[in-house]
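Let me begin by presenting the structure, written as structure tokens, before commenting on it.
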Amino acid sequence: MKKKELIFVLLLFVAAALFYGVTAYQKKASDVAAISIDGTLWKEVSLSEDGTYTIETPQGYNIVQIQKHTAAVIEADCPDQLCVQQKSIKQPHEMIVCLPHKVVVEIK
Ligand SMILES: [Zn+2]
């Protein structure tokens, strides 16, 4: 009998944890990253779909990766590589800037 009770309590705990996890997930405010080149919107990408996007600019290219609701520049041929070194972003108004290419990735 005691074992059954324990399993019941464990199940309740798992259900509560799942419920909490789902609501916390849904609360995530932002779902879109806006990529712009030289101040002009190039593309809005969904953060809920993993993928990579290659941005071609007159100065060179940047590759943006969307993974697990975060956006990051994983590759670029700019001379300073600062955009690649910046850590991934996911909160609204966070951004990654590539100055040489005038590329901005911003969470909406
Ligand atoms: Zn760069």
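The values are calculated or read from the model by the stated rules, or taken from the named source; none is laboratory data. The shown structure was predicted, so the numbers you read here are calculated from the model rather than taken from an experiment. Here the Cβ positions follow ideal geometry from the backbone for every residue, glycine too, while neighbour counts run over all protein chains shown.
At-a-glance table
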quantity: Test for residue 18: is it away from the ligand (no atom under 16 Å from the Cβ) and free of Cβ contacts under 8 Å to residues at least 12 places away in the same chain; calculated: yes
quantity: Some residue of the stretch 91-102 being closer than 14 Å to residue 36 by Cβ and under 9 Å from the mean Cα position of the chain (by Cα); calculated: no
quantity: Matching strands (runs of 3 or more DSSP E) fully within the chain where at least 1 residues are of a type in the set (D, E, K, R); calculated: 40-46, 51-57, 70-76, 103-107
quantity: Any hit, the stretch 65-78, residues being touching a residue at least 40 places away in the same chain (Cβ under 8 Å) and among the hydroxyl-bearing types (Ser, Thr, Tyr); calculated: no
quantity: Test: residue in the stretch 76-87 that is within 10 Å of the ligand (Cβ to nearest atom), in the same structural domain as residue 43 (by TED's automatic domain parsing), charged (D, E, K, R) and more than 12 Å from residue 34 (Cα to Cα); calculated: yes
quantity: Failed criterion for residue 73 (all others in (1) more than 10 Å from the ligand (Cβ to nearest atom); (2) under 14 Å from the mean Cα position of the chain (by Cα); (3) hydrophobic (A, V, I, L, M, F, W, C) hold); calculated: (1)
quantity: Every residue from the stretch 52-70 that is crowded, with 16+ Cβ neighbours inside 10 Å and more than 14 Å from the ligand (Cβ to nearest atom); calculated: 53, 66, 69, 70
